[in-house]
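Following: one structure in structure tokens, then a few remarks.
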Amino acid sequence: MAGERMSDADVCPTRMELLNVDAKLALSRRGCDMLKKKRNTLIREYGTAKQELDAFRGEVDDCLLDCFRGAKLVEMEMGGVSYRNIAYNKSRRIVVGMEYEKVVGVKVPVVSAELSDDVGQGYSFCGTPAALDGVVDDFRKAGIMVVKLAALDKKVHVLMDEIKRTRRKVNALEKVKIKNLEGAHKYIRGYLDEREREDYSRLKHIKEVVLGGNEFEDKSKVN
């Protein structure tokens, strides 16, 4: 598991295991670098999307404010009952289409919105003020803008969630996986170096014993 710490007892201090640990360490470092690049790209995409969202939200707010101001004036001119009857009439619908695009491997929604042509205006032009036409068009435009605003907001949230997930993966690799592998590498390397020094000392001692024995035999033959 990524969250478990590798203890010395779990490591077999052999040269084969050292090669295995080095391979895993190199792979983990490459993966960590790739995740960092992905995280940085996602942060840039998030910043661009957030600026676009904030700017477009301001446009939607202004559009809705104009719509309600115009609607209030038309309601005052027509009367509340007549105005509400027209508002409740079936009118042209907003047809929403959704697709997905990939940003650094992350699926984000791309929304298209337009008015349908299956229903008419929804009210008679006779007996209604001309300003009503402008208010209706403004509200339809605002409806399309709200749909697109929702898609932008969703895109920002998807990117933010992916940034958080990528950060967690980077932290898990850097602070757990790579750290454990580096500890295992240090332990195996130290063990092998110590064993090499012991072998050298042992061979040196054996050589001294052998040479000392040969000198003793030579002296015995001389005597």
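Nothing in this text is a laboratory measurement; each read-out follows from the coordinates by a stated rule. Only a predicted model underlies this, so the values are computations on that prediction, with no experimental measurement involved. Virtual Cβ from ideal backbone geometry, glycine too; neighbours counted across all protein chains shown.
Assorted remarks:
- Radius 10 Å from Cβ of residue 96, net charge of other residues (Lys, Arg +1; Asp, Glu -1): +1
- Restraint check, 36/164; 102/169; 154/175; 24/169; 37/102, Cα-Cα greater than 23 Å: 154/175
- Fewest-first ranking of 68, 139, using other Cβ atoms within 10 Å as the exposure measure: 68, 139
- Cross-link partners of residue 207 among lysines (Cα-Cα below 25 Å; sequence separation of 8 or more within a chain): 219, 221
- A crude spin-label estimate for the pair residue 26 and residue 115, with each label 7 Å from Cα along the Cβ direction, gives 6.5 nm.
- By the Cα gyration tensor, segment 12-213 has an equivalent ellipsoid whose semi-axes, rounded to whole angstrom, run 76, 14, 10 from largest to smallest.
- With each label modelled as a point 7 angstrom along the Cα→C-beta vector, the residue 172-residue 141 pair spans 4.9 nm.
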